[in-house]
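Contents: one structure, followed by commentary.
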Amino acid sequence: MPYSRTQLISLTCILGLEITVLVGKPSFTLAQAFKPSGIPVPPRRVFLPPRGDFGECFPAETELTPLIPGTNFGMPVTASAHPTFFVYVPETNASYLEFALYDSGKEVYFTELEPNSQAGILRLPIPETVSLETRQLNGEPKVYEWTLTLVCDPADATKDVSVSGWVHRLPNINPDGKTAADFADLGVWYDALDAAYAEQTAPILLDSVGLEEFTQVPLLE
């Protein structure tokens, strides 16, 4: 397991055996589980519903899956104006992929992506040209929805496969310099996962929220 701010020291004991001692502590541990955000998930989708028949796009029985915790962890949130989302994408026959961000049903970002040649975790960053706001809307946290759609047949939209997730940007949290453990302690999911992949501790974070089936799945290049 990768460790940050730690040092491995080799010692020779009386019996002449070399042992390794870990000094310091890992940047994220299983004992440090991700904390709920405390913001309820909306009771129903108000933007795009999921659609499609998985059998049309995939050669095997598997599912397109956004890497977000269950509703018991609350609204998935970010401290960043330009967050990054992660989706498990199986091997697919899709012609291309569409990634979009919506603000109250209005599309504010859209891009097309090439399909992957193998199964893996797809990283989906929001560019600096688009910034999420932190304000309230009608007394409730302002919520965006993001979607990833696999276009299986460009001539027939009913065969598209789409998944989506919510995101709310928290005010008054500076993400600079924070580790995955810092974000996990604050209940900031998207930043915690992004940092965990950078720190190579993503399997521990995923396992802590019940996404253990994706702990050994690699990031797609």
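The values are calculated or read from the model by the stated rules, or taken from the named source; none is laboratory data. Please read all numbers here as calculations on a predicted model, not as lab measurements. Every residue, glycine as well, gets a Cβ built from its backbone with ideal geometry; the counts of neighbours run over all protein chains shown. Each accessible area value is taken on the protein alone, full model and side chains, heavy atoms only, with ligands, DNA and RNA left out. Shrake-Rupley method; radii C 1.70, N 1.55, O 1.52, S 1.80 Å.
Residues in region 59-162 average 46 Å² of solvent-accessible surface per residue, probe 1.4 Å, ligands and nucleic acids excluded.
Calculated FRET efficiency, Glu98 to Asp207, Cβ-Cβ distance, R0 = 25 Å: about 0.25 to the nearest 0.05. Spin-label model, Gln200 to Val130: label points 7 Å out along the Cα-to-beta-carbon direction sit 3.2 nm apart.
Estimated from the Cβ-Cβ distance and a Förster radius of 35 angstrom, the FRET efficiency linking Thr215 and Phe110 is about 0.70. Expressed as a whole percent, the accessible area of region 67-221 that falls on carbon and sulfur atoms is 44 (1.4 Å probe). Across all Cα atoms of region 76-168, the radius of gyration (one decimal) and Dmax (whole number) stand at 14.2, 45 Å.
Between Asp185 and Thr84, the C-beta separation translates, for a Förster distance of 30 Å, into a calculated FRET efficiency of about 0.95. Each peptide in 125-138, 93-106, 142-155, 190-203 receives the mean, over its residues, of other Cβ atoms within 10 Å, and ordering these scores from highest gives 190-203, 142-155, 93-106, 125-138. Subtracting the Cα-Cα distance of Thr158 and Gln118 from their residue separation scaled by 0.36 nm leaves 12.0 nm.
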